[in-house]
Amino acid sequence: MTAREDVDRVRARVEALPDPELPMITLGELGVIRSADTAGDGCVEVGFTPTFLGCPAIPAITEAIEEVLRDCGHSDGRVRHELTPAWTPDLITPTGREKLAAHGIAPPVDRNSTETRSRISVEIGSPTSAETRPGTSAGVRDRTSVETRSRTSVETGDRTSVEIGDRTSVETGAFGGPTSVGLGLGTPCPHCGSQDTRPHSSFGPTRCQSMLRCAECREIFPCITAT
Amino acid sequence: MREPVTTTTRPRDADLAELALRLGDDALVLGQQLCQWITRAPMIEEDLALSNIALDLIGHARVLLSRSGALEGSGRDEDDLAFGRTEREFRNALLVELPNGDFAVTIARHLVFSHYAVPFYERLAGCGDAELAAFAARAAAEVGSHRRHASDWTLRLGLGTAESARRMQSGLDRIWPHAAELFESDPVVERLVDAGLHPRPDEVRVAWHEGVADVLARAELTEPAPDWHATGGRAGLHTEAFGPLVAEMQSVHRQFPGGTW
């Protein structure tokens with residue numbers, strides 16, 4: 001086995017490790033394993049990017065990688081925390097997205113489609129717009145309604161639903177528009193597929209999940225988020 | 001006894017170590033304070049929100065304190081710095097050690113802090129220290145979500161009932177004299193700014209004020225105009241509330257030094 005094959009074997013085994021907090025997907029599918037290489041001093045080094053700086057799974061993941069290194073005969077192997085470029089949910093693989101959805105966790109709306117959303121009014125009717133969000137069967141009309149709702153929340157979110165304890169105000173968010181995009185507005189419901197979903201809470205059961213509510217089936221579901 | 005801090009540290013590293021220590025202490029103390037809300041917040045979503053924000057901040061503190069220890073060359077790690085220092089050795093701004101008060105006071109404190117932290121970290125992300133810059137780029141995104149949370153609640157309380165607006169205003173009045181310290185300069189900051197390793201405090205202050213003034217106007221709240229401002233935290237002079245806070249934070253470590261679970 002060449003050194004390259006050896007390092008690739010380490011990487012494959014590290015990528016197959018389950019994530020401690022989302023055990024239905026692997027570290028490879030989550031997109032947090034950045035590299036596996038032989039460092040200048042001859043030691044094997046695995047580059048790992050935490051989802052969030054304070055993610056409590058960091059020590060468990062680091063130890064699990066170290067165990068793989070030892071198991072592969074690299075007791076002097078190291079784990080390097082790579083903070084840059086930062087992890088984003090865009091790095092979750094298609095297989096990872098499918099597995100998350102099967103477990104009721106909405107995969108993220110990928111960044112490309114988030115960026116195009118601000119131009120949606122221009123794109124309506126154009127054949128390319130239906131391709132901007134892969135993995136869903138959403139038609140152009142659905143996208144239009146998402147954009148309309150986003151505008152509505154900008155106009156009405158502040159004053160009309162702000163009573164204390166009024167859940168509506170929490171779900172809608174006093175900030176519409178761009179911040180709602182950050183909350184995952186338009187993320188399809190993993191239960192019924194509807195895109196009529198709204199932010200419920202920016203913070204969920206783990207730091208990398210926020211909570212959304214589906215207006216169709218009324219389920220509250222987590223969505224993977226970058227912030 | 002701990003070995004005395006080595007004196008061979010380069011001046012630039014000593015200043016950077018001090019910067020990382022200040023930022024790390026801000027994050028650590030604020031994170032510790034927010035943890036006290038767990039099971040006491042107005043709704044379960046807020047238990048999760050405040051504890052997740054605390055988690056981010058403690059994560060930031062771990063990176064920053066580790067970096068500070070490495071830069072000062074003393075061999076102190078994050079735990080030594082968090083749990084092994086006395087009250088007078090902490091360098092956090094006084095804002096973050098102010099007691100939680102009611103929910104509105106906590107939100108006011110976080111409004112002031114997060115609107116400062118976002119522009120600060122955004123600028124620090126372009127600084128000349130690769131490790132601090134990489135940290136700051138990621139931290140800016142994370143504190144951005146804290147800013148959204150605090151701003152949303154300020155609006156909700158300001159525009160809610162007469163009582164919620166009264167409490168929010170009262171929280172702001174309580175917190176505001178502690179904002180100015182975040183933008184103070186001293187010889188350490190001046191040297192770092194000159195070396196391209198620190199944002200200009202005035203610039204950060206302008207960005208901060210634009211942000212908070214916008215939220216307060218939309219929330220129909222009055223920006224307080226205090227006739228005094230607090231100072232001293234960066235020099236280790238803390239408020240009455242800080243001693244008990246540090247004692248609680250360090251109690252387990254003191255009882256079981258080096259303990260592992």
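Values computed for the structure shown
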{"read-out": "Test for A:ALA86: is it touching a strand residue (DSSP E or B) at 6+ places or on another chain (Cβ under 8 Å), among the small types (Gly, Ala, Ser) and in contact (Cβ under 8 Å) with a residue 24 or more places away in the chain", "value": "no"}
{"read-out": "Within region A:24-47, tally of residues that are assigned to a strand (DSSP E or B), over 16 Å from the mean Cα position of the chain (by Cα) and either among the polar types (S, T, N, Q) or more than 14 Å from chain B (Cβ to nearest Cβ) (or both)", "value": "7"}
{"read-out": "Residue that is nearest to A:PHE48 (Cα to Cα) [pool: residues in region A:3-12 that are under 27 Å from the mean Cα position of the chain (by Cα) and crowded, with 17+ Cβ neighbours inside 10 Å]", "value": "A:ARG11"}
{"read-out": "Members of region B:82-113 found to be over 16 Å from B:GLY24 (Cβ atoms), basic (Lys, Arg) and more than 14 Å from the chain's Cα centre (by Cα), listed by number", "value": "B:ARG88"}
{"read-out": "Total residues in region A:1-23, condition of a type outside the set (Val, Ile, Thr), over 12 Å from A:ILE65 (Cβ atoms) and not in a loop (DSSP other than H, G, I, E, B)", "value": "8"}
{"read-out": "Filter result for B:GLY128 (surrounded by 19 or more Cβ atoms within 10 Å (Cβ to Cβ), among the small types (Gly, Ala, Ser) and either outside any helix (DSSP H, G or I) or out of contact with any Cys (no Cβ under 6 Å at 6 or more places or on another chain) (or both))", "value": "no"}
{"read-out": "Residues (charged (D, E, K, R) and within 19 Å of B:CYS35 (Cα to Cα)) located in region B:79-117", "value": "B:ASP79, B:GLU97, B:ASP102, B:ARG109"}
{"read-out": "Residue satisfying all of: in region B:96-114; part of a helix (DSSP H, G or I) and of a type in the set (A, V, I, L, M); nearest to the other protein chains (Cβ to nearest Cβ) among these", "value": "B:ALA104"}
{"read-out": "Residue in region B:150-168 that is hydroxyl-bearing (Ser, Thr, Tyr), away from chain A (no Cβ under 14 Å), touching a residue at least 12 places away in the same chain (Cβ under 8 Å) and in contact with a helix residue (DSSP H, G or I) (Cβ under 9 Å, 6 or more places away or on another chain) present", "value": "no"}
{"read-out": "Among the residues listed as B:THR7, B:THR86, the single one being at pLDDT below 95 and over 30 Å from B:ARG166 (Cβ atoms)", "value": "B:THR7"}
{"read-out": "Residue match in region A:58-72 (condition: closer than 30 Å to B:VAL143 by Cα, modelled with pLDDT of 95 or more, in contact with an Asp or Glu (Cβ under 8 Å, 6 or more places away or on another chain) and surrounded by fewer than 19 Cβ atoms within 10 Å (Cβ to Cβ))", "value": "no"}
{"read-out": "Selection from region A:184-227 of residues that are of a type in the set (Phe, Trp, Tyr) and over 15 Å from A:LEU22 (Cβ atoms)", "value": "A:PHE203"}
{"read-out": "Tally, over region B:125-145, of residues that are within 7 Å of another protein chain (Cβ to nearest Cβ) and either more than 14 Å from B:LEU19 (Cβ to Cβ) or over 18 Å from the mean Cα position of the chain (by Cα) (or both)", "value": "7"}
{"read-out": "Qualifying helices (runs of 4 or more DSSP H) (wholly inside region B:1-95; at least 3 residues being buried (at least 23 other Cβ atoms within 10 Å of the Cβ) and out of contact with any Ser or Thr (no Cβ under 9 Å at 6 or more places or on another chain))", "value": "B:11-35, B:44-72"}
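The values are calculated or read from the model by the stated rules, or taken from the named source; none is laboratory data. Note that this is a predicted model, so its numbers are computed, not measured. So basically every Cβ, Gly included, is an ideal-geometry build from the backbone, and we count neighbours across all protein chains shown.
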